[in-house]
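**Q** Below is the structure I would like to discuss, written out as structure tokens.
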Amino acid sequence: MKVLLQRVAQASVSVSGETVGRIGGAGYLALVGCRVGDAPEDADRLAVRTAALRTFEDENGRMNRSVVDCGGSILAISQFTLYADTRKGNRPSFVEAGDPEEARVLYERYCADLRSLLGPERISTGRFGADMSICATLDGPCTISLVSETATAPAGSPRPVIPPPSISLRPVDSPETEALARKIAEEAWPSTYAGIIPPAQIPYMIERMYSPEAIREDTAKGAPFFIVEADGTPAGVCSFDIGRRDGDGTAELHKIYLLRQYRGRGIGHRLLDEICDRLRAAGAGAVRLRVNKANARAQKAYRAAGFAKSASLCTDIGGGFVMDDFEYRKPLAAAPQTAAPASTTRTRHS
């Protein structure tokens, strides 16, 4: 993975005449290229290096300040031509450039990392895969190339520490958010269930569970949908019982999916805590969920969050498909009550 950093005084990017990203003041125009074999760790390390690199002048005119130190911003643009091979002939070869879908995930992870490191208001982006026009005022000029091979720490060293993003849940309550929830599912499901369920089952279940009609029906029954936002950017989708319970007071967590670029950042664990807190506040005594028996990664995450296997379930969902799952369950202890301090103030009754 490569990042070409150009120090700028201002920069903007447009698509078909529409400005889609802009930064003003000191900062970087970051051109981001991915190659075959790049991994999320490459994006993480390059994001940390981007934030820490000292290329901005201090009061003595020396390059001694980072983009973080000077309060700068970053405009990050995807750029597969960074992996052009010009060793043979005059026509560049791009065989080293990564698969577009894999590259998009890594580019978006790099941008997500930067939002956590600098703050979402200081990061702007282009539009992946689009024909873009870039306008920038270069400062210096100062151009630095970062590559993941040299940014990678020695084998066995810990991954770079990136602050966790802020998490919020945005209700799915409009045609716009319904379409977004489905789009997230269409991106998240193939990587979640690859090798676990038949490929034809994925679009069947998405249509069954994420059509506007299905979302509205579940919401009306007390299980609303939410867009999971990380630093203000859509990162996943979830749905859980707010207005309905089993006979014993248990609520069900129906759906929780994150986009690939947001996995491995601790978001899932924090999201589970947030959902459990909301259900506890709504009076639920326990929460249950279903997870595919072959989805070992998800089961490990649920156990780490305090869930325990409670049942084996197999449900015919039509279309020649079944949901072959384990049920996991977690009790929700009541939040501790803080005793009110003694007071001599009299209560006024009306």
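Only the coordinates and a few stated rules stand behind these numbers; no lab work does. On a predicted model such as this, the values are computed, not experimentally measured, just so you know. Cβ: placed from backbone, ideal geometry, glycine included. Neighbour counts: every protein chain shown.
**Q** Provide Rg over Rh for the stretch 39-93; use the alpha carbon set for both Rg and the Kirkwood Rh (inverse mean inverse pair distance). Provide the component values of the computation, followed by the final result.
**A** Values: Rg = 16.2 Å, Rh = 13.9 Å.
Expressed as Rg/Rh, it is 1.16.
**Q** Out of the trypsin sites (Lys or Arg not before Pro) in the stretch 1-109, which ones are loop residues according to DSSP with at most 12 other C-beta atoms within 10 Å? Before the final figure, lay out each step's value.
**A** Details: sites: 2, 7, 22, 35, 45, 49, 54, 62, 65, 87, 88, 104, 109; in loops: 62, 87, 88.
In loop regions of the stretch 1-109 (DSSP not H, G, I, E or B), the sparsely surrounded trypsin sites (Lys or Arg not before Pro) are 62, 87, 88.
**Q** For the stretch 167-331, what class follows from the C-alpha gyration tensor (a ≥ b ≥ c being the square roots of its eigenvalues): rounded when a/c is under 1.5, otherwise prolate if a/b is larger than b/c, else oblate? Numbers along the way, then the final one.
**A** On the way: a/c = 1.18, a/b = 1.04, b/c = 1.14.
Because its axes are fairly even, with a/c under 1.5, the stretch 167-331 counts as rounded.
**Q** Now, a different point. Give the cross-link partners of residue 309 among the aspartates and glutamates, using a straight C-alpha distance below 12 Å as the criterion and excluding same-chain residues fewer than 8 apart.
**A** Of all the aspartates and glutamates, those that pass the test against residue 309 - Cα under 12 Å, at least 8 places apart if same chain - are 325, 327.
**Q** Please work out whether the stretch 190-271 counts as rounded, prolate or oblate from its C-alpha gyration tensor, where a ≥ b ≥ c are the square roots of the eigenvalues and a/c under 1.5 means rounded, while otherwise a/b larger than b/c means prolate and anything else oblate?
**A** Numbers: a/c = 1.68, a/b = 1.19, b/c = 1.40.
Note, shape of the stretch 190-271 comes out oblate.
**Q** In addition: How do 180, 138 line up, fewest other C-beta atoms within 10 Å first?
**A** Values: 180 16, 138 13.
By the 10 Å Cβ count, ascending: 138, 180.
**Q** Which pairs, out of 221/293; 183/293; 255/293, put more than 20 Å between their alpha-carbon atoms?
**A** As for pairs spanning more than 20 Å Cα to Cα, those are 221/293; 183/293.
**Q** Going 7 Å from the Cα of residue 282 toward and past its Cβ, which residues in the stretch 177-220 have a backbone nitrogen under 12 Å from where you end up?
**A** 219-220
**Q** Across the stretch 91-98, in residue order, what do the Karplus-derived ³J(HN,Hα) couplings come to in whole Hz, using 6.51 cos²θ - 1.76 cosθ + 1.60 with θ = phi - 60° and x for Gly and Pro?
**A** Here the 3J(HN,Hα) series is 9, x, 9, 10, 5, 7, 5, x Hz.
**Q** Same structure, new question: Please work out the C-alpha center-to-center distance from the stretch 1-42 to the stretch 158-226 and express it in whole Å.
**A** 28
**Q** Only one of the listed values, (1) 251; (2) 229; (3) 145, was derived from the coordinates as volume of the Cα convex hull per residue in Å³; which label is it?
**A** Only one option fits the structure, namely (1).
**Q** Restricting to the stretch 2-148, compute how many DSSP beta bridges are antiparallel as a %, nearest 5.
**A** 75
**Q** What is the distance in Å between the Cα centroid of the stretch 58-110 and that of the stretch 230-261?
**A** A separation of 35 Å, based on Cα centres.
**Q** Now a separate question. Around residue 216, what is the net charge, scoring Lys/Arg as +1 and Asp/Glu as -1 over all other residues with Cβ under 13 Å from its Cβ? Mind showing how you got there, number by number?
**A** On the way: positive: 182, 221; negative: 173, 178, 213, 217, 218.
Local net charge: -3.
**Q** Once you list every other residue whose beta carbon is under 13 Å from the beta carbon of residue 80, what net charge do they have if Lys and Arg are +1 and Asp and Glu are -1?
**A** -4
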